[in-house]
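Step one of this worksheet: look at the structure below.
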Amino acid sequence: MSESKIEEKEKAVPATPPHRQRSLWEEVWRRLKKNRLALAGMTFLLGLLLIAVGTIVIDMATNQGIYNDYVIKQNLRLRLQGPSAGYPFGLDEFGRNILLRMLWAVRYSLFMGTAAIIMSTIVGGILGALAGYYGKIADNGIMRFMDILLAIPSMLLATAIVAALGTSLVNVLIAIAIAYIPTFARTVRASVLTIKDQEYIEAARALGAGDLRIIFKYIIPNAMAPLIVQATLGVAGAILSIAGLSFLGLGIQPPTPEWGSMLSGARSYIRDGWHITVIPGLGIMLTILALNVLGDGLRDALDPRLKT
């Protein structure tokens, strides 16, 4: 066969398209999809998010009419009524619909827990990055202060801060955020210590990049994997802390529905109606469980050593 015919046949065969390299987040999603438990937790949390947004939209559309007429309105004649067809979750000690109160309480537990952890992540991440990057005096000063905060149990620290500042939504957020800052600072510092000596950091420094540019453009983005996992698990702890503060009377105040305050108000009537304590407790437990299994799934998906 002549060379011209061979060349014609080679041209006729279509070239195999190059295999597209998966991005980091595509690879993470591919691994996460294999973890059914993590997907179940994520689905549950997305459902809670939709409920929270839905209650906010309903309040805006009805000018809080449903909230005032059904969520916080009392009916003492039907107090402690058990679950039924009309009231699937029953009525509480003041005759209020527990199902509606559980739905309206989602926004406070979920949004406040997430907001507090975002604040902790930002502040703790910056402090941890500065400590790990500069080392020496900055590292010792920042991390010794973090060690002092870590020596105090997070719940006790949050309780002391709320007791000092007063009971309000903003103060609860500040208290929870401060209590969780040391955890994120230590996580980011550990990652920065392994990243700052990499070759691409040396190359950026050789090209004239300043310290702040290196920290925020090169180091922190590459330290996001453990930070995301820690934040997911931190939201679970923050929700539990918010519920604990409300249970102690230092968090969200009645009649605003919140799972911890619902448990606090129901504890005196536990012998008269099992549902008023079991249902809010299950809400807290399932949410914490969903966040924990999702955090575990993200940890496995973000681990570069797992090439599955």
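Here, each number is a calculation from the coordinates, and none is a lab measurement. The model shown is predicted, which means the values in this text are computed figures rather than measured ones. Cβ placement follows ideal geometry from the backbone for every residue including glycine, while neighbour counts extend to all protein chains displayed.
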Margin query: I need the phi-derived Karplus couplings for the range 244-254: 6.51 cos²θ - 1.76 cosθ + 1.60, θ = phi - 60°, integer Hz, Gly and Pro marked x.
Written below: x, 5, 5, 4, 7, x, 9, x, 6, 8, x
Next item on the list: Would you look at the GNM of the chain, springs on alpha carbons closer than 10 Å, and say which of GLN230, GLN64, GLN81 moves the most?
Entry: GLN64
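Once a ≥ b ≥ c are taken as the square roots of the eigenvalues of the Cα gyration tensor of the chain, is the result rounded (a/c under 1.5), prolate (a/b larger than b/c) or oblate (a/b not larger than b/c)? Before the final figure, lay out each step's value.
Working: a/c = 3.11, a/b = 1.54, b/c = 2.01.
It comes out oblate by the Cα gyration axes.
Would you mind ranking ARG101, ARG31, ARG271 so that the residue whose beta carbon has the fewest other beta carbons within 10 Å leads the list?
Numbers: ARG101 24, ARG31 19, ARG271 6.
The most exposed by this proxy come first: ARG271, ARG31, ARG101.
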Margin query: Contact order normalised by length for the range 193-264, with contacts defined as Cα pairs under 8 Å and 6 or more residues apart; what percent is it?
Written below: 19
Note to self: Explain nothing, just the number: dipole magnitude of the chain about its Cα centre with +1 on each Lys and Arg Cβ and -1 on each Asp and Glu Cβ, in debye rounded to the nearest 20.
What the structure shows: 280
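Considering only lysines 8 or more places apart in sequence, or on different chains, count the pairs in the chain whose C-alpha atoms sit under 24 Å apart. List each step's numbers first, then the result.
On the way: LYS33/LYS307; LYS34/LYS307; LYS136/LYS196; LYS136/LYS217; LYS196/LYS217.
Qualifying lysine pairs in the chain: 5.
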Next item on the list: Using a 10 angstrom cutoff on alpha carbons, build the Gaussian network for the chain and name the most mobile of LEU233, LEU103, LEU78.
Entry: LEU78
Notebook entry, point to check: If you place +1 on the Cβ of every Lys and Arg and -1 on the Cβ of every Asp and Glu, how big does the dipole about the Cα centre of the range 143-252 come out, in debye to the nearest 20?
Noted result: 80
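Please arrange TRP29, TRP259 by how many other C-beta atoms lie within 10 Å of their C-beta, fewest to most.
Working: TRP29 12, TRP259 28.
Result, fewest neighbours first: TRP29, TRP259.
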Check: For the range 193-292, what is the Kirkwood hydrodynamic radius in Å, using each pair of distinct C-alpha atoms?
Finding: 16.8
